[in-house]
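Nothing in this text is a laboratory measurement; each read-out follows from the coordinates by a stated rule. Keep in mind it's a predicted model, so treat the numbers as computed, not measured. Please note: Cβ atoms are built from the backbone with ideal geometry, for glycine as well, and neighbour counts cover all protein chains shown.
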Amino acid sequence: MPRPHWPYWPASGPDSAPHAAPHAAPHAAPRAGARTRPWRLLLRLGAWLLPVIVTLALIPLGCAGGVRPTQLAPSTGAPNAGIEECGTLQLPSQWHSESQRGGPLNDTALGGLSALGWDSDAQRLYLLSDRGQLYQAQLTFTAGRLSGFTLLASLALKDAAGQPLEDDAADAESLIVENGANGIAGDAILLVGFEREHRLQRFTPDGRPVGQPMRPKGFEGADFNAGAEALAIDRREGLIVGLESSPAGMPAGTTRLFAPASGRQWRYALAPEAGSSLTDMEGNGDTLLALERAFAPPAPLVISLRRVRLSDSQEAEVETLARLSSGEGWRLDNFEGLTRLDNGRFLMVSDDNFIALQTTLLSCFSLPSD
């Protein structure tokens, strides 16, 4: 999929792209035999490096260390944001916990997170990386706000021979926890959507495959790197799969939702911002909640949360509930994963692509209209 490769900071004005630098005045040609003094070379080098050094110094890197509280909303406030934030954490790129000192999880790489799933019965969060790594975690809430994250397990998704998935076979992008809210702890099954090698596959919580992989007809025409980015359960239609972007034969700006059980398909109109793509979905009462990312540098990064109704026609009815833009001061990154918590709240997570200049943000929010 197209992946952002740097953090997103507010532009000079709402939704404004960075201004181009004015053209420098032409330099006079050097005199014959003239030599550049060493101190001038150092000054020129320093002038070039200074902005880079300052930028890097100001970036909150996703480095090894602990979990840190932060917020998405601008410090000046975000009127009419469309969401109510209930706690955001920045996760480290390498797990470290004093309480687990000497344990097997310390120094575990934690990144590339593309999907979330909540097991309400076990009060456990599942996180998937696009390299086929499955994490289990416990969340802490203080006064109703997300305040803590504890890594419990890091496991590789495995093939039928018991070997870890690798390369294209490991690109996990979406997740549903089945049996996660039936009142019985310990019977959860994970349904995972993959791209590159497009398929759906069930796994046990320790990463072992269950049954055979499924390749529904709705995958036809999907781009190699834009497959089952979204999975959700619709009350009427059952399992719904969403492709990240337009498959072959569909116009730009639209993508496909499909129900594997019935074979029904819907056209889904992506948000109007350039570079918009569907990154996840979650059930929300009689509708679905879709997460979209619009990435088209130098324009600001835009994250949209949209209500989806699956009509009796072939067109999904889509309504934007919240539009978060880095150009308006929102601290955003490459949000790809979405799940519903208890009490109607949601979690979304960003994929840092294992790049130091990006961060893994785990954000709790609710929708005021709910």
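Quick one: in the range 105-257, what % of C-alpha pairs are over 24 Å apart? The proportion of pairs with Cα distances above 24 Å equals 35 percent. For the range 236-370, the pair-distance distribution built from all alpha carbon pairs, in bins 5 Å wide starting at 0, is 2, 10, 19, 23, 20, 15, 8, 3, 1, 0 percent.
Other residues whose C-beta falls under 10 angstrom from the C-beta of Ala226 contribute a net charge of -4, scoring Lys and Arg +1 and Asp and Glu -1. The C-alpha radius of gyration of the range 292-370, expressed as a fraction of 2.2 N^0.38 Å, stands at 1.23. Based on the reciprocal of the average 1/r between different C-alpha atoms, the Kirkwood radius for the range 238-294 equals 11.8 Å.
Shape verdict for the range 180-260, please, from the Cα gyration tensor: rounded (a/c under 1.5), prolate (a/b greater than b/c) or oblate.
On the way: a/c = 2.78, a/b = 1.75, b/c = 1.59.
Prolate, since a/c reaches 1.5 and a/b exceeds b/c.
Between amide H atoms placed 1.01 Å from N, distances below 5 Å from Glu197 occur with Asp171, all of them 5 or more places distant or on a separate chain. log10 I(q)/I(0), Debye, Cα-only the range 76-168, no solvent, q = 0.16, 0.20 Å⁻¹? The calculated log intensity ratios at q = 0.16, 0.20 Å⁻¹ are -0.80, -1.10.
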